[in-house]
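Everything below concerns the one structure shown next.
The values are calculated or read from the model by the stated rules, or taken from the named source; none is laboratory data. What you see is a predicted model; the values in this text were computed from it and never measured. For neighbour counting, all protein chains shown are included, and Cβ atoms are generated from backbone atoms with ideal geometry for every residue, glycine included.
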């Protein structure tokens with residue numbers, strides 16, 4: 001009886017959320033890879049595009065390390081986000097010989113139905129904007145003719161000796177690299193607790209303040225970077241990879257064409273364009289680790305609950321997903337994985353193809369990475385991963401109102417630009 005009550009609570013809460021946030025949900029679903037309408041879906045119905053697999057890597061810093069053998073880290077010693085230039089070069093050598101590395105622009109064009117990409121592709125991204133990316137990473141990328149996109153955030157751009165300068169960024173663009181936004185101040189955007197000034201004490205925002213904050217971190221960041229650097233900023237990288245269905249419409253309204261999380265998995269044709277996935281590269285990541293990541297095979301599923309990007313209070317969640325085609329997998333191995341923990345008591349029904357797991361205790365607050373995993377009949381690994389957040393969501397009517405205001409403002413701005421161009 002307890003399980004039924006918990007499931008009913010989840011269903012009712014999610015139903016009410018969906019009704020109140022219909023417009024927000026449509027904004028999210030209509031992002032690339034979600035539900036499509038109008039001429040675009042008509043074009044795709046005429047000719048289904050071949051499935052592509054795109055893995056995206058997320059690097060951060062490139063520094064020499066003296067005392068940690070094998071580039072590995074012991075807790076409390078060193079920085080897990082820093083790798084040595086030698087280790088980075090070994091990755092690039094492997095990519096040159098074994099992978100199809102493409103630029104972000106080429107990927108965006110393909111998402112828009114222009115051109116083509118290899119059946120399996122790789123994209124290199126570098127977050128934060130540390131100066132070592134200019135001194136160490138860029139020369140190595142050029143040595144192996146590898147494109148990359150650098151994600152920068154406003155508050156670090158005019159920073160001290162460790163940050164890229166404006167002239168460095170402009171030079172990187174001239175050398176063929178691309179620039180994206182990593183927000184204005186690098187916060188966890190899914191949290192209602194934020195600092196009013198960069199580096200300040202965190203306070204709980206009310207809903208109005210939180211939505212203002214989302215505008216600042218998305219639209220204001222894009223405007224600042226484009227004006228400051230004089231270069232186009234087409235994509236967004238969520239700080240800490242934290243996204244939700246509250247955040248995505250603001251990223252879209254700001255004019256970004258795609259956005260990246262750090263859900264550690266692949267991207268396929270149906271991956272939502274504002275919830276694209278990346279693998280973080282740590283200082284202990286080896287080439288064998290990368291091979292294992294790239295070898296994962298796509299598992300086609302229908303997410304029932306919690307949906308990708310879900311944001312809500314319910315803690316005793318009922319995880320549900322339907323596997324579209326289980327003919328290539330060993331159905332006895334199908335499980336949910338939450339973070340790094342495999343939920344062994346997951347229940348899979350081969351007749352209905354439904355996978356279910358019921359939490360008896362509340363999940364912790366914050367973001368959660370979830371995956372459906374299975375072993376293939378040939379011994380390979382299959383998975384599909386996504387993310388949701390347990391939080392106190394903003395008032396849905398207020399959220400809807402703010403997004404409507406943003407759309408109106410965007411329309412006015414576009415009209416003004418056209419008029420200015422005509423004059």
- Message: Going residue by residue through the stretch 173-181, is there one that turns out to be surrounded by 21 or more Cβ atoms within 10 Å (Cβ to Cβ) and closer than 19 Å to residue 391 by Cα?
- Response: no
- Item | Residue that is touching a helix residue (DSSP H, G or I) at 6+ places or on another chain (Cβ under 9 Å) and under 20 Å from residue 278 (Cβ atoms), where the choices are 205, 236 | 236
- Could you list, in sequence order, the residues of the stretch 219-243 that are buried (at least 24 other Cβ atoms within 10 Å of the Cβ) and under 14 Å from the mean Cα position of the chain (by Cα)? 235, 236, 237, 238, 243
- Are any of the residues in the stretch 114-133 at positive phi and surrounded by 17 or more Cβ atoms within 10 Å (Cβ to Cβ)? yes
- One residue from 369, 409, 391 being closer than 28 Å to residue 204 by Cα and either at pLDDT below 95 or surrounded by fewer than 17 Cβ atoms within 10 Å (Cβ to Cβ) (or both): 409
- Task: Report yes if residue 126 is more than 20 Å from residue 82 (Cα to Cα) and assigned to a strand (DSSP E or B), otherwise no.
- Result: no
- Task: With the condition kept exactly as written, say whether any residue in the stretch 195-202 is in contact with a helix residue (DSSP H, G or I) (Cβ under 9 Å, 6 or more places away or on another chain) and crowded, with 16+ Cβ neighbours inside 10 Å.
- Result: no
- Query: So which residues in the stretch 228-251 are out of contact with any strand residue (DSSP E or B) (no Cβ under 8 Å at 6 or more places or on another chain) and modelled with pLDDT of 95 or more?
  - Reply: 239, 247, 249, 250
